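Enquirer: Sharing a structure below in structure tokens format, with a few things to ask.
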Amino acid sequence: MGKIVGAALASHHPGLMQCEDFRKLMGAGEDSDLIGGYERLRDRIIAARPDVIMILDSHWFTTGFHLIDGGAGYKGMYVSDEMPWYLHGVDYDYQGCPELALAIEKVGVEKKVAVRAICHPDLGRQYATINLIKQMRLDLMGVRIVSVSSCQNAKWRHFIESGAVIGEGIRQSGLRVMLLASGALSHRFNDIDWVKKHPNIFHENNVSSTENVNSDKGAIELFKQGRHDQILERWEDEYRLRYWEAQGAHYLQMVGALGGAACRSVGTPLSAYENARGTGNIHIWFDVPQ
């Protein structure tokens, strides 16, 4: 029987893909702690010994279905259409896992949940996937990599449902799978003409609002207690209003795969909480009972 061997929430913001000198210039002489956090996260992934790393991609927007990429492999050169002057020329070459995507689709059909596998080698890549692969050198680990979309006409309960389908598909696959929820917490960008409040652009004072900082930190404390049930209870009245990236699809599908409101996986922060153009970012590892 397959199983989930680890899970994490990870930031992917484009500033982390710039050279160290530029990052330190933006950080008033300090590098982003998310960079060091990638190494801490990579060490834990290696220790978990996954066959497949599943990236819940908060930039791959789909309509009508939650999609699982089922190509045998992906190779190309990535240029961001969002920030082509800032994020470009990133080569990628990694193996996919069609059998996992198809196993998850099978469960979706059985449970009448709109989850579908897409097995096309020319399917476009998004930087929520590519940046994690490059920063943590996931393509050099000898594991296969699969991305999952964020369906833009789904509500939070639908992401929990698709996550449950993913979890069951993993169990039926016989594979050891690591879940990486790639995205931010609060995701309100600062205006184009904003003036930074702190010289270190990564500093939390530069997150878009004090309310978002307080809400993000409250969620992080609940993660540390393993109280995902309380996150879900507060979703409609708080976290949805803080506009987590991709409606929180990356986190919600992860926690759905781990049992939904019954999940008690304790979170360990592996980086500082930081700003990226107003959004709240952090790496958090979640222990998964074996």
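Read-outs: derived from the displayed coordinates by stated rules, not from any lab. Predicted model only: the values in this text are computed from it and were never measured. Counting neighbours? That spans all protein chains shown, and the Cβs are built from the backbone with ideal geometry, glycine included.
Enquirer: Going by alpha carbons, how many degrees (0 to 90, nearest 10) lie between the helix axis of 210-225 and the longest principal axis of the chain?
Expert: Helix 210-225 and the main axis of the chain meet at about 40 degrees.
Enquirer: What is the order of Val5, Val148, Val109, fewest Cβ neighbours within 10 Å to most?
Expert: Val109, Val5, Val148
Enquirer: Moving on. Provide Lys217, Lys134 in ascending order of the number of other Cβ atoms located within 10 Å of each residue's Cβ, fewest first.
Expert: By the 10 Å Cβ count, ascending: Lys217, Lys134.
Enquirer: Could you line up Ser186, Ser80, Ser11 from fewest to most neighbouring Cβ atoms inside 10 Å?
Expert: Ordered from fewest to most neighbouring Cβ atoms within 10 Å, Ser186, Ser80, Ser11 come out as Ser80, Ser186, Ser11.
Enquirer: What number, in nm² with one decimal, is the all-direction average of the projected area of the convex hull of the alpha-carbon atoms of region 157-209?
Expert: Result: 6.0 nm².
Enquirer: Related question: For Cα pairs less than 8 Å apart in space and 6+ apart in sequence, what is the mean separation divided by the residue count of the chain, i.e. the relative contact order in percent?
Expert: Relative contact order here is 30 percent.
Enquirer: Can you divide the C-alpha Rg of region 156-267 by 2.2 N^0.38 Å and report the result to two decimal places?
Expert: Scaled against compact globular proteins, the figure is 1.19.
Enquirer: Rounded to the nearest 10 degrees, what's the angle between the helix 33-48 long axis and the longest principal axis of the chain, both from Cα atoms, 0 to 90?
Expert: The helix 33-48 is inclined about 20 degrees to the chain.
Enquirer: Quick check: the angle from helix 98-111's long axis to the longest principal axis of the chain, C-alpha only, nearest 10 degrees?
Expert: Once rounded, the angle reads 70 degrees.
Enquirer: Calculate the all-directions average of the projected area of region 3-286's alpha-carbon convex hull, and give it in nm².
Expert: Projected over every direction and averaged, the Cα hull of region 3-286 covers 13.4 nm².
Enquirer: When only DSSP loop residues count, what chymotrypsin sites (Phe, Trp or Tyr not before Pro) in region 186-279 have their Cβ near at most 16 other Cβ atoms within 10 Å?
Expert: In loop regions of region 186-279 (DSSP not H, G, I, E or B), the sparsely surrounded chymotrypsin sites (Phe, Trp or Tyr not before Pro) are Phe189, Trp194.
Enquirer: Continuing with this model, one more query. Simple spin-label model, 7 Å along Cα-to-Cβ: Glu221 to Asn205 in nm?
Expert: Label-label distance for Glu221 and Asn205, simple model: 2.2 nm.
Enquirer: Can you tell me what share of the DSSP beta bridges in the chain is antiparallel? A percent to the nearest 5 is fine.
Expert: 40
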